[in-house]
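The values are calculated or read from the model by the stated rules, or taken from the named source; none is laboratory data. From a predicted model like this one, the values you see are computed outputs, not experimental measurements. With ideal geometry, Cβ positions are generated from the backbone for all residues, glycine too; neighbour counts draw on all protein chains shown. Calculation scope for accessible area: heavy atoms of the full protein, side chains included, ligands and nucleic acids excluded. Shrake-Rupley method; radii C 1.70, N 1.55, O 1.52, S 1.80 Å.
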Amino acid sequence: MRLIMLGAPGAGKGTQSTFFAERLNIPHISSGHLFRKNITEKTELGKEVQEIISRGELVPDRIVIAMMMERILQRDCGRGYILDGFPRTYEQATALKHALLEYGEQIDHALSLEVPDELIKKRMPSRLVCPDCDTSYSALNNPPLVPGVCDRCGAQLVTRADDNEETVSKRLETFHNETEPLKDYYRRKGILIEVDGTKNPDEVYKDIVRALVHHGNH
Ligand code: ADP
Ligand code: ZN
């Protein structure tokens, strides 16, 4: 199964992707995580994107597309994958489509997590993220079991540099302008599934599973 996660920053894409990756035993590929890893490891790519990301802007399409296609074509992706944070522009969506077509493949579902801006702005300041495995936590509806510690790998949780109020507003604006129109693109293809992302993560997960079953492909 090849899935795409759409939704505003902080909508819960990463959390839901993790659930699905475990359940379906397919890789969870997060563009943001790949960038952050490159930034921490101070790679050439990391140096190129660091400033852009800290401003809350989008990394140029050609850079993202190259990085993601390289990842998608690795062997562990043969049975499918969950894309989290990519595609984020029309350009990226069509590049993905054409690249997959060369292998006779296509995306099965695009899941859109619906969360109003007001709730996003409430969630972000309390978001904590694991610097090692990139799992996100929120004091509001999914706190870590031990305060300040990652449930999955035990690392000390941190606040993301781009989760401040100003950058979040910028990212939301970019989301509405660039990424939200992709919903129409996938709706026209008949593969868009919209889910209420305001509930707690377990309920959202159940709603997605229900919607997938309803769409007859699970
Ligand atoms: P969020 O979904 O919380 O905004 P991500 O971790 O997905 O955060 O992405 C963090 C940042 O990485 C984005 O604000 C953007 O600068 C960059 N980025 C990630 N994915 C893409 C993409 N597909 N296209 C362009 N830039 C991206
Ligand atoms: Zn972790």
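Quick notes on this one:
- Semi-axis lengths (Å, descending) of the ellipsoid that matches the C-alpha gyration tensor of segment 43-126: 25, 19, 12
- Rg/Rg_globular for the chain, with Rg_globular taken as 2.2 N^0.38 Å and Rg from C-alpha atoms: 0.96
- Carbon and sulfur %, accessible surface of the chain computed with the full protein complex present, 1.4 Å: 50 percent
- GluC sites (Glu not before Pro) within segment 1-54: DSSP coil, no more than 13 neighbouring Cβ in 10 Å: GLU41
- When both bridge partners sit in segment 89-218, DSSP labels roughly 55% of those beta bridges antiparallel.
- Label-to-label distance for LYS47 and ARG187 is 4.5 nm, based on points extended 7 Å past Cα in the beta-carbon direction.
- For segment 1-68, the orientation-averaged shadow of the C-alpha convex hull comes to 5.1 nm² (one quarter of the hull surface).
- Look at the dipole of the chain built from charges on Cβ: of ASN38, MET1, LEU192, the Cα furthest out on the positive end belongs to MET1.
- Computed with a 1.4 Å probe over protein heavy atoms only, the accessible surface of the chain comes to 52 Å² per residue.
- The accessible area of ARG210, taken with all protein chains in place and a 1.4 Å probe, comes to roughly 150 Å².
- Here the spin labels are modelled as points 7 Å beyond Cα on the Cα-Cβ line, and at LYS121 and HIS214 they lie 3.0 nm apart.
- Percent of Cα-Cα distances greater than 24 Å, calculated over segment 106-218: 38 percent
- Looking at the chain, the DSSP beta bridges with both ends there are about 25 percent antiparallel.
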